[in-house]
1. Determine the equivalent ellipsoid of segment 56-133 by diagonalising the alpha-carbon gyration tensor, then write out the semi-axes as square roots of 5 times the eigenvalues, largest first, rounded to whole Å.
2. Based solely on C-alpha atoms, express the radius of gyration and the Dmax of segment 143-214 in angstrom.
3. Assuming R0 = 45 Å, can you tell me the calculated FRET efficiency for the pair Gln62 and Ala198, based on Cβ-Cβ distance, to the nearest 0.05?
4. Just how far, in whole angstrom, is segment 152-198 from segment 78-115 if you go by their alpha carbon centroids?
5. Can you work out the FRET efficiency for the pair Ala211 and Gln71, with r the C-beta to C-beta distance and R0 = 35 Å, to the nearest 0.05?
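Computed from the coordinates by the stated procedures, all read-outs in this text should not be read as laboratory data. What you see is a predicted model; the values in this text were computed from it and never measured. All Cβ positions, even for glycine, are placed from backbone atoms using ideal geometry, and neighbour counts span all protein chains on display.
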Amino acid sequence: MAVYDLEEQEQISEIKAWWEQYGKLVTALAVAAAVASVSWQGWRWYENKQAAEAGALFHAVQQAVEKGETQRAREATGELIGRYGRTTYPQLAALLSAATHFERGDLVNARSQLEWAAEQGRDEVLRDIARLRLATLMLHEGKADEALAQLARDPAPALQGRFADLRGDVLLALGRGSEARTAYQAALDGFAGEVEGAATMREVVRIKLEAVEG
């Protein structure tokens, strides 16, 4: 029995020695792991809360747009931008609000919404959509050079056909027929896929191309 007592004492001594050497490190690691776990859970809760609040405010923008309340749509969009810029909701709201302002002839507010969505929005594809609509607005205003600048950077692959088509319209407005033909041909190539609406867009671009070629 004494042998076992001696072995136990040796084991206890070894454990004590190991703890004296590494105990503080183990404790620190355990505390760090616990803090990290709590922090992560807190961050996930915060992110979910932000998304829910932003979604509710975006719904308010949708309702305002449906009712034609442009000021309310603009105010709610501004609130989204100010409070929930880390989500994609502000971009979506800006695109909706801009469309409503454009339909009602308020090009100043439409442009400001699109400029924000194109330059500061979180989602790259939505930035491209905003650039496309902004270029359309600029062409409508007779500012073809500004419109062309918006279309200079290549968009996401799914939007290349639409960008090329609008580039052709802008170049034609600038009297650059040869370049417009090249752009329309690029648009035809861009609409070569089987995406929804591609056949209709190809036909529209084909008519434009034939008109330019005379």
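1. Values: eigenvalues 58, 45, 17 Å².
After diagonalising the Cα gyration tensor, the semi-axes are 17, 15, 9 Å.
2. 11.6, 33
3. On the way: r = 28 Å, r/R0 = 0.62.
Efficiency computed from Cβ-Cβ geometry: 0.95.
4. Comparing the Cα centres of segment 78-115 and segment 152-198, I get a distance of 25 Å.
5. Details: r = 41 Å, r/R0 = 1.17.
With a Förster radius of 35 Å, E is 0.30.
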